Structures are given as structure tokens and as C-alpha cells.
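The values are calculated or read from the model by the stated rules, or taken from the named source; none is laboratory data. From a predicted model like this one, the values you see are computed outputs, not experimental measurements. Here Cβ is always computed from backbone atoms with ideal geometry, including for glycine, and neighbour counts include all displayed protein chains. Please note that ligands, DNA and RNA were not included when accessible areas were found on the heavy atoms of the full protein model with its side chains. Shrake-Rupley method; radii C 1.70, N 1.55, O 1.52, S 1.80 Å.
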Amino acid sequence: MTKWEYVTVPLLVHATKQILDNWGDDGWELVQVIPGPNPEQLVAYFKREKPQS
């Protein structure tokens, strides 16, 4: 069975692409983006497969 790990990341409107690209380069897949605590911020949810032990 596949096991996943998750992370939430704050996204700044002026740097969204750079932030998403950096996490994607590390193997994280974007699952969802939701509004953050203020209008200038979003929160991204990512997942990636856990390494098998």
C-alpha cells in the first residue's frame, strides 16, 4: 500500500510560481490551494510518496 506524507506551505501572491516550482522540484505534488489568514496569502497543501523502509 502506498503511504503519503503531507505538508502545508504559505504562498505569497508575489512569489507563488517560484514557491510552487521549488516544492515541485523536491518531489511534492500540489493537492489544493486555499485562502490564507489574510488576502495577500494563500496556503498550499502538498503530498509525496513516503520512501519505503
Scan of the range 4-17 for residues that are at pLDDT 95 or above and open to solvent by 90 Å² or more (accessible area, probe 1.4 Å), ordered by number: W4, Y6
All positions within the range 1-18 that are more than 30 Å from S53 (Cα to Cα) and either over 11 Å from the mean Cα position of the chain (by Cα) or not in a strand (DSSP E or B) (or both): L12, V13, H14, A15, T16, K17, Q18
Qualifying residues in the range 30-40 (those that are open to solvent by less than 90 Å² (accessible area, probe 1.4 Å) and without any contact (Cβ under 8 Å) to a residue 12 or more places away in the chain) - the one farthest from the chain's Cα centre (by Cα): N38
When V43 is run through (1) assigned to a strand (DSSP E or B); (2) without any contact (Cβ under 8 Å) to a residue 24 or more places away in the chain; (3) surrounded by 13 or more Cβ atoms within 10 Å (Cβ to Cβ), the failure sits at (2)
Might you check whether a residue that is outside any helix (DSSP H, G or I), open to solvent by less than 50 Å² (accessible area, probe 1.4 Å) and touching a residue at least 40 places away in the same chain (Cβ under 8 Å) occurs anywhere in the range 19-29? no
